[in-house]
Amino acid sequence: MPKFVLSAAAHLIANAVGLVLASLLLPGFSIGLLGGVIVVLVFTVVSVVLLPIIRKLSEKKIPELLGGISLVVTFAGLLITELLVSDFAIGGVANLLAATLIVWLGALIAGVLLPKYLFPSLAVAKPKA
């Protein structure tokens, strides 16, 4: 299977893990049963589109932002997804902030583990000493 397809699948699964964690841990953060797939797709597409834009802007205007760029993309992705998908609710500012951390952390952990165990062809080869 092409690496692009495997990479896209890994991103979708990692984002799904983060979103499900947030919905389980945060009261008021809800993803409708039927809209769950749509939420994951929209969130992933928004994140993939926003990442290079925010990275480019931060390199030129706010270089201090580069360290937290994934958190900024997750925050913006959650907001935009809530605006676009009616079956998705964040539940307030406190939930938005907490969800940003939970979704980012869940996606990060899944993003590290998925290539290693589910998609070994995506795993980065270790340099030989």
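The values are calculated or read from the model by the stated rules, or taken from the named source; none is laboratory data. Source: prediction; values computed, not measured. Every residue, glycine as well, gets a Cβ built from its backbone with ideal geometry; the counts of neighbours run over all protein chains shown.
Pairs please, first residue from the range 19-41 and at negative phi and among the polar types (S, T, N, Q), second anywhere and at pLDDT 90 or above and assigned to a loop (DSSP other than H, G, I, E, B), Cβ atoms under 6 Å, 6+ apart in sequence or on different chains.
That search, which allows pairs on different chains as well, returns 23/29.
Condition (residue is out of contact with any strand residue (DSSP E or B) (no Cβ under 7 Å at 6 or more places or on another chain), hydrophobic (A, V, I, L, M, F, W, C) and under 28 Å from residue 120 (Cβ atoms)) applied to the range 83-96: is it met by at least one residue?
no
Determine, yes or no, whether residue 31 is in contact with a Phe, Trp or Tyr (Cβ under 8 Å, 6 or more places away or on another chain) and within 26 Å of residue 5 (Cα to Cα).
Details: in contact with a Phe, Trp or Tyr (Cβ under 8 Å, 6 or more places away or on another chain): yes; within 26 Å of residue 5 (Cα to Cα): yes.
In short, yes.
Under 9 Å between Cβ atoms, at least 6 apart or on separate chains: pull out the pairs that start in the range 77-93 with a residue that is on the phi > 0 side of the Ramachandran plot and among the small types (Gly, Ala, Ser) and end on any residue that is buried (at least 19 other Cβ atoms within 10 Å of the Cβ) and in a helix (DSSP H, G or I).
These pairs meet every condition: 91/99.
May I ask you to list the residues in the range 72-93 that are farther than 24 Å from residue 55 by Cα, among the small types (Gly, Ala, Ser) and touching a helix residue (DSSP H, G or I) at 6+ places or on another chain (Cβ under 9 Å)?
89, 91
Given 75, 29, 88, which one is over 20 Å from residue 119 (Cβ atoms), in contact with an Asp or Glu (Cβ under 7 Å, 6 or more places away or on another chain) and of a type outside the set (D, E, K, R)? Please lay out each step first, then the result.
Numbers: 75 fails: in contact with an Asp or Glu (Cβ under 7 Å, 6 or more places away or on another chain); 29 fails: in contact with an Asp or Glu (Cβ under 7 Å, 6 or more places away or on another chain).
Criteria check complete, one pass: 88.
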